[in-house]
1. Scaled to the compact-protein estimate 2.2 N^0.38 Å, what is the alpha-carbon radius of gyration of the protein assembly as shown, rounded to two decimal places?
2. What FRET efficiency, computed as 1/(1 + (r/R0)^6) with R0 = 30 Å and r the Cβ-Cβ distance, is obtained for residue A:386 and residue A:326, rounded to the nearest 0.05?
3. How high is the relative contact order of segment B:3-79? Use alpha-carbon pairs under 8 Å, at least six apart in sequence, and give a whole percent.
4. Helix A:148-157: angle to the longest alpha-carbon principal axis of chain A, degrees 0 to 90, nearest 10?
5. Mind giving me the nanometre distance, one decimal, between the label points for residue A:344 and residue B:39, set 7 Å out from Cα along Cα→Cβ?
6. For A:137-146, what's the mean count of beta carbons from other chains sitting within 10 Å of each residue's beta carbon?
7. Using a 10 angstrom cutoff on alpha carbons, build the Gaussian network for chain B and name the most mobile of B:71, B:48, B:28.
8. Please build a GNM for chain A, connecting alpha carbons under 10 Å apart, and tell me which residue among A:370, A:127, A:244 fluctuates the most.
C-alpha cells in the first residue's frame, strides 16, 4: 500500500502565538527576542511582516531594529509555546495514531489507512489548517507526500496556511529541480561539498552512483541517495512514543564574556550537572562529548572527542569538555556562549568492552558518589550539594534552565 | 478588532459525564444573566482578546454570545473602554 504522510509546520511559531495572544500585534512587524540583559538579545522568531523588512532569525535585536525601525520585540513565553504545542498534538491525534513531533512546532502524521487517496489526505490537511486557525489562531503549512523526507520538503514549499502535495508520479518534475541543500539532512557544509562535485539539484544527487556517494560521504551518502530518489522508508512514530534520544546537551550565553580557562571550567561544570541528571533519567551513557564555543565576534566553533569510558558522570563530561576546550581553543577572542553535549549515547546496561588501561573500579566509585549527590538534590533541592568552585561568583545567567519543552516530553512524564 | 477580557462568575451544573453546563453569568457589578441555551462547545481562539480557550456559544434571551473557559476561569469578550 502506498503510504501517505503529511508534515505540518506552524508558520513563524513563536511570533504567531504572540500575535494570537495579543490581537493588537496582528499585521505588525513582530519579533520574539531573548533578554538583552542576559545577553540573549537575538531574534528567536519573526512575523511575516518583519520577515518582509528583512529581519532574520538569529540576528542581534539592534541589527533587526535598524532594518525595521517599527519592529515590536516581545519577550518569549516558553511555557505558553509548550501549551500550544500540546494543544496542537490533540488536533493531529484526531487524524492518526502515528504522530511524530520534530521540535515544538513541526510534526509528521502518517495518514496511511486513514486517507484512501491523496485527495482525501488533502481534505484532511485543509481541515487541520482550518482547525489551527479557528482553535489556536495560528496557521500551518502542510506538505503531503509518500515519505517523511518529501513531506517535509513539501511543507517548506507550501505557502503560509497552504498545502503542497507531491506524489510518486510527479516528484521528479516538482522536487528534482530544487537546490540540493533544501532537502532535509543536507546542511550548508554538505551542500557546498556537493556543489564542488557539480551536484546542485536534488535531481543531480538522485542521478549519482550510490557507491560513489558512499565512498565520499560514508553512510550519509547512501541516505542522501535514497532520500533524493524517494526511497526513504523511515516510519512515523506512534503518538507518545519518543524517537530515540541522540544527544543530550545544555548551553548558555554568559552574562559577560569569559576571559580565562578557569571561568570556562566553571561554566562547563555547571552545564554538565544538568546533562548528568538527564542521562541518568533516560538510563543512558555517553561515549563522546561535543562542545560548541561562540566567541564575542559571534563565530561558533564545534569540537568533539571520544571518552575513554562511556559515562553519565557530570564531572567526567565536564572534564572531557574542558580538556577538549584547552586543546582546541586559541583564545583569539573572549568567549560569549558555551554548549556541552553528551553524544554517541547508548543504554546504560549495554555490555562494554573493557580494556587494561582504565580503572573501572574507580569509575564505579565515582558514579556512586554522583548518584548520591543527585539523590540529595532531588530530595532537598538543587542547592543542597554544590561543587565548591560553583559557589564563587560566576557569569552564568540566572535563567539558564529556561527553555521550551516539546509536548511529547511532557507526555512521557505522565 | 480588539476587546478586553472580563472574568465573570458562572453558575455551573456538571453532569454525570463530567460535562459543564453553564447556567448563569454574574458580572462584578452583580448584574446577572441567565443562560437559556448552550448551542455549541469547542476549543476556539478568542478573536477579540486573544488566546485560546474552550468556547461556549450561549443564548441569553434573543442574543447569542460567547463564554470562554480557560483553566477553570471563565471570561467574556467585552468592547474596549
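Throughout, read-outs are computed from the coordinates displayed, never taken from laboratory work. From a predicted model like this one, the values you see are computed outputs, not experimental measurements. In this analysis, Cβ positions are derived from the backbone assuming ideal geometry, glycine residues included, and neighbour counts consider all displayed protein chains.
1. The protein assembly as shown yields a ratio of 1.13.
2. My answer for the efficiency is 0.80.
3. For segment B:3-79, the relative contact order is 30 percent.
4. Around 70 degrees separate the two axes.
5. If labels sit at residue A:344 and residue B:39, their model points lie 6.6 nm apart.
6. Taking all residues of A:137-146 together, the mean is 1.
7. B:71
8. Highest fluctuation of the listed residues: A:244.
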